[in-house]
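Read through the structure below, which is laid out as structure tokens, and then see the notes.
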Amino acid sequence: MSKRSPLLDAVRSALRVRHYSLRTEHTYVQWIRRFILFHQKRHPKEMGEPEIRAFLTHLAVERRVAASTQNQALSAILFLYKYVLRKELDWIDGVIRAKRPSRLPVVLTRAEVKAVLSQLPAGQYQLIGQLLYGTGMRMMECIRLRVKDIDFAYRQITVRAGKGDKDRITMLPERLIPGIRQQLAHAKRVHERDLRDGFGCVSLPFALQRKYPQTERQWAWQHVFPSTKRAVDAQSGDVKRHHLYEKNFHRVLKQAAHDLDVCKPISSHTLRHSFATHLLENGYDLRTIQELLGHKDVKTTMIYTHVLNKGAGGVCSPLDR
């Protein structure tokens, strides 16, 4: 199967028409490719429910993937049949499902958060960590921030196209304002240098680039955390300045936790978990925290209540009596 097959190009087009993110596009294309390769490169038109069932069972039994991974693969295949092949499928039963475990979020204490953030390299990496903990943003929401989305007057940050393609407002911590202004000054120097070199463009959402050709060079649309290098845009083929590569931050965060001998498994999402938990400890209600986090259902936010009581369910051990 060729790397740029007409079928996969049709999948990409269908995803872009429906405004799916580039990350989702890449993931769906990879799962569809794996599905086809698993069945010896048979065309999906020749296959149906039995082949899908066999692939999903293979993922659970032989590959031992997580339940969320198996569901992701199913979503990609269903998208292929519904929107590209225009083929209605019957209910897919008999699939061996990967078990969905009940997991509690990893939460750092306030002292641990302070230590980890202090251990991060000074500058943009430390600022990103402070923003994740201080605002509750997800990793990609943070590094995709554009200049126009930071409002110093109202002390707020607008998160654009978050999970579920929704916008929301979160706070701008007062103590981070000097660091953000410094980062913006750095980003502006990078942008002005790009303009002098004949570049200075940034990727824009949807059809803004076509409707307003000069917008991609405007300062307001540039990323707060620009990449160190220019790169070719995956969609247009033009050389542009993208945002910072997220794995660079993951690397320095892991190193900071290692240097401090923090035994908890830490990721960028741990800072978001800690943000929500510490707000609950401060007495803020679940509904407010749900809005700040951008959760669709308050039940998702309720998972953070597990640390508000001492011990399991607030029960005091008889050893402490």
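The values are calculated or read from the model by the stated rules, or taken from the named source; none is laboratory data. Since this is a predicted model, take the numbers as computed values, not measurements. Because the Cβ atoms are built from the backbone with ideal geometry, glycine has one as well, and the counts that use them run over all protein chains shown.
General observations
- Within the range 198-249, considering residues that are out of contact with any Lys or Arg (no Cβ under 9 Å at 6 or more places or on another chain) and acidic (Asp, Glu), the one nearest to Asp149 (Cα to Cα): Glu246
- Qualifying position, being among the aliphatic types (A, V, I, L, M), modelled with pLDDT under 85 and either in contact with a helix residue (DSSP H, G or I) (Cβ under 9 Å, 6 or more places away or on another chain) or loosely packed, with under 10 Cβ neighbours inside 10 Å (or both), among Leu319, Leu279: Leu319
- Residue within the range 74-97 that is assigned by TED's automatic domain parsing to the domain that holds Leu59, in contact with a helix residue (DSSP H, G or I) (Cβ under 8 Å, 6 or more places away or on another chain) and polar (S, T, N, Q) present: yes
- Every condition in (1) in a helix (DSSP H, G or I); (2) at positive phi is met by Thr27 except one, and the failing one is (2).
- Residue ID - nearest to the chain's Cα centre (by Cα), chosen from residues in the range 130-144 that are over 13 Å from Glu246 (Cα atoms) and assigned to a loop (DSSP other than H, G, I, E, B): Met137
- So Leu184, is it at pLDDT 90 or above and under 30 Å from Tyr304 (Cβ atoms): no
- Remark: Asp194 matches the filter, which requires a residue to be out of contact with any His (no Cβ under 9 Å at 6 or more places or on another chain), crowded, with 17+ Cβ neighbours inside 10 Å, without any contact (Cβ under 8 Å) to a residue 60 or more places away in the chain and not hydrophobic (A, V, I, L, M, F, W, C).
- Of residues in the range 55-93 being among the aromatic types (Phe, Trp, Tyr) and at pLDDT 90 or above, the one nearest to Ala14 (Cα to Cα): Tyr83
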